[in-house]
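The values are calculated or read from the model by the stated rules, or taken from the named source; none is laboratory data. On a predicted model such as this, the values are computed, not experimentally measured, just so you know. Here Cβ is always computed from backbone atoms with ideal geometry, including for glycine, and neighbour counts include all displayed protein chains.
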Ligand SMILES: [Zn+2]
């Protein structure tokens, strides 16, 4: 029998935005997903960088994207170096490719289902988790389709 990971006792680390990541976190606070997109070649990238990782342009903007995508890769965490996550072990850490931003990969946890439900190719959608008054974290759950 596989049970749900217990996230209720996990105190997640609070993000520390920098000039490149601040627009992402500002949008996330309003439960809006934005991704950095190169205005020269059109490539999305995540996490944000000072230059396009595809063509090295510095003409980058954040654009709103839909929070639906596919599990690109995953790992099951049976041990954790960060003791704040011990209560949730075992849990699924997933890498997601959003439909709206092909090539850009987002990391998160798979919520609300047993960790054994994490499979490459499964459809997921963003699930927002408020960390405090300043930060809301995008995580994922299986898409209702
Ligand atoms: Zn580019």
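Worth a mention:
- In the condition set (1) under 16 Å from residue 21 (Cβ atoms); (2) surrounded by fewer than 12 Cβ atoms within 10 Å (Cβ to Cβ), residue 64 is compliant with all but (1).
- Residues of segment 87-99 classified as in contact (Cβ under 8 Å) with a residue 40 or more places away in the chain and surrounded by fewer than 17 Cβ atoms within 10 Å (Cβ to Cβ), total: 3
- Strands (runs of 3 or more DSSP E) wholly inside segment 1-104 containing at least 2 residues that are within 17 Å of the chain's Cα centre (by Cα), within 16 Å of the ligand (Cβ to nearest atom) and at pLDDT 95 or above: 34-38, 60-64
- Pairs linking a residue in segment 22-47 that is more than 19 Å from residue 97 (Cα to Cα) and in contact (Cβ under 8 Å) with a residue 12 or more places away in the chain to a residue that is within 16 Å of the ligand (Cβ to nearest atom) and in a strand (DSSP E or B), with Cβ atoms under 6 Å and 6 or more positions apart or on different chains, are 23/62; 39/61.
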